[in-house]
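To start, the structure itself, in structure tokens.
Please treat every number below as a calculation from the coordinates, not as lab data. Not measured: the values here are computed from a predicted model. Neighbour counts run over all protein chains shown; Cβ positions are idealised from the backbone, glycine included.
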Amino acid sequence: MQIKQQIERRLCRFPAVGELLHNRERRVLLTASASLGLNIGYAVYNGVLGVVSRSVWFLVLCAYYILLSVMRYAAVSCAQKRRRGVKAVSGLFVMRFTGGMLTVLGLVLAVSVYYSIQNEVAVKNGTIVMIAIATYTFCKVTLAFVNAAKAAKHRSPLLTALRNIGCADAAASVLSLQRAMLVSFEGMTPLEIRVMNAATGAAVCLYILILGVVMMLGIVGGKENGKIQARQSK
């Protein structure tokens, strides 16, 4: 314990490191900034896959991740401006705007899942593509859990927006991974694959829609008094 405290005291000699160690909100924003770059890169990757394999699903995912990147950038930019004392829109506005966007994305994703299932749009993926999808999904699910825990301790409209964006990102990634695995590996009939994709797709779309509606209502941290807290933190 003493060794840990000594190391922490030495690290705190550097202002930037000390701020990261003691400021939970700063750590969340740093993680969100890193996720932004990963989001953009993965969106481009899905776009290339969609063009090369002529897959509507990958093109939809490309657009989905680009919009998530825009929402994440808006939230991070607003938070950074407020930290520097620069006038910016309220965190509650950003959260509600993000909620509206997530609601639209949930509906678009639902239509895409329905179209894909009805027309059996599925492309077998190579090993490299599968590894890339699995790695991205693992990273996003892990980050979603970490950010959710941090946002729960530090209730803020901006952190709630970033948390829910991460959750929507992870949910779509899980659906994409399942679709890729079911079509790339043998063992299930076409009917079973369609049922699995329909069930998971419905759950993911409903989850994203719920996230969007909750944010549009201005609820912070999933509490009934979240609206009051959100207004106070504007």
Linear extension gain, Ala202 paired with Ser184, 0.36 nm per residue minus alpha-carbon span: 4.3 nm
Theoretical gain in end-to-end length, Ser77 to Ala148 [0.36 nm per residue, Cα-Cα removed]: 23.6 nm
Cut-off 13 Å between beta-carbons: net charge of the residues surrounding Ile40, Lys and Arg +1, Asp and Glu -1: 0
Set of region 168-187 residues, backbone N closer than 16 Å to the point 7 Å along the Cα-Cβ line of Thr127: 184-186
Approximate spin-label separation Val48-Ser90, in nm, with each point projected 7 Å along Cα-to-Cβ: 4.4 nm
